[in-house]
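Report on the structure given below.
The values are calculated or read from the model by the stated rules, or taken from the named source; none is laboratory data. From a predicted model like this one, the values you see are computed outputs, not experimental measurements. Note that we place each Cβ from the backbone using ideal geometry, even for glycine, and neighbour counts take in every protein chain shown. Areas reflect the complete protein model, heavy atoms only, side chains present, ligands, DNA and RNA absent. Shrake-Rupley method; radii C 1.70, N 1.55, O 1.52, S 1.80 Å.
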Amino acid sequence: MPLHARKAISISLALLLAACGGGGDSTPAGPFGGGTSSSGNTPAAPGSTPSGSGGDTTGTQPSSPQAGSTPAGNSGSATENTAFQLDATARFNLPSDIVADNAGNLFVMDRGNQAVRKIAANGDVSTLPGSYAARTTLAISPSGQLFILTGTDIYKVGADGGKTLVKSYPQSPGSYAPLDIAIDGQERVYVLLEYRNIFRISRLNADNSETGVYYVNSFGSVTHIASDAAGNLAVGVSAAGGPAVSADGSGINVSHVDLVPLSAQSEANAPSPGVVHRPVDDIYVSGKMAFDATGNLFLTGARYGTATTAGSLLATAMKVGKLAADGTVTTVLNGFPNGDDTPRQIAADFAVNPGIAADKNSNLYLADPFDQAIYRLTASGAPILIAGKPGEAGNAD
């Protein structure tokens, strides 16, 4: 298999969290405030390129990202990661959810192939044994344990693909259905559940019981959650295509992100005091959310038009943003990663959205279901191809 060499660097995206104190240079506050340090060098990320020391931009990217290319304006020094090589034969079909472990591996839910794919730290792509429902979401613990929510079941999945059932949600009248999962730095598992447009989040206990931690009674919809290392939660509430969403107690009639500190989490079937509601554009609550290692919250999503073919989805725009403590959203990437903003029509449903993940060094990774590719985003928002061939769907390692 022909392979092309890639370079590597680490990105330090700083943010302040109450759970992540420390000395060193101060950095801007993140969604939950607090303090952290951003001094020193971090190990290189797979497939990365040299990054400059500048702050966030509005998402300018090269028109055609190539494996190992260095976007203009990203100079600086980096550690060469000679182990990483682009797997030129790998193909994906609607990659959506994505997570990163602490060993440098990525795991991707490949919806169209109903499979979970692994991108090793050296760039090699493989497929975990087994088949998974198209509506499958992933989470990974600090120790590297992969959790998969597929259908109504949550599994632990081993390196050999072996599955151990963690929790099942049998469906009957009045039952809540699981929609998403998240894991914090203490390896606590959170589950987003829905019943007739009532959404709640539970934390799984060691004895397989559940403790309710947040309740949303919304006229909007909630599809994704994220947790930072301390167990603070982010909940995306969408008003796209629907009526006002102020029934959740926020008083906000537009799409927004609920920031639920650990101290405000409660079993009460009512909005929790201490929760902060941050209005955002609809596009930012359509896709996945992820905290990086220093507490930055990243949002991703797509905007849709009317497809000309039945059973298809027409994506007209795609974005990645970063939510600040004051509620400001900074654009990290604006448009499809390959630089061509022509609307994408794919054979899929409205559950297909881009996925985002951050590794232990706060390097960002993006799963693009519209161009069938996986990217790493530099600090300036420039996409670097990690796996797949943009515009070509398939099923190959």
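Here are a few things to note about the model shown:
- Looking only at residues of segment 371-391 that are farther than 18 Å from Phe107 by Cα and hydrophobic (A, V, I, L, M, F, W, C), we find that the one that is most open to solvent (accessible area, probe 1.4 Å) is Ala379.
- Pick from segment 204-229, criterion open to solvent by 50 Å² or more (accessible area, probe 1.4 Å) and touching a Lys or Arg at 6+ places or on another chain (Cβ under 8 Å), ranking: nearest to Phe32 (Cα to Cα): Glu210
- Options Thr164, Thr136, Thr127, Thr152; residue that is of a type outside the set (Lys, Arg), open to solvent by 40 Å² or more (accessible area, probe 1.4 Å) and touching a helix residue (DSSP H, G or I) at 6+ places or on another chain (Cβ under 9 Å): Thr127
- Test: residue in segment 318-341 that is small (Gly, Ala, Ser), out of contact with any strand residue (DSSP E or B) (no Cβ under 7 Å at 6 or more places or on another chain) and under 17 Å from Glu392 (Cα atoms): yes
- Candidates in segment 329-352 are the residues that are polar (S, T, N, Q) and at pLDDT below 90; of these, the one that is nearest to Thr309 (Cα to Cα) is Gln345.
- Checking Ala134, Ala120, Ala83 one by one, the residue that is touching a Lys or Arg at 6+ places or on another chain (Cβ under 7 Å) and either of a type in the set (A, V, I, L, M) or at pLDDT below 95 (or both) is Ala134 and no other.
- Only one of the listed residues (Ala293, Ala302, Ala387) is small (Gly, Ala, Ser), within 19 Å of the chain's Cα centre (by Cα) and part of a loop (DSSP other than H, G, I, E, B). That residue is Ala293.
- The one condition from (1) assigned to a loop (DSSP other than H, G, I, E, B); (2) of a type in the set (Gly, Ala, Ser); (3) in contact with a strand residue (DSSP E or B) (Cβ under 9 Å, 6 or more places away or on another chain); (4) free of Cβ contacts under 8 Å to residues at least 40 places away in the same chain that Ala206 does not meet is (3).
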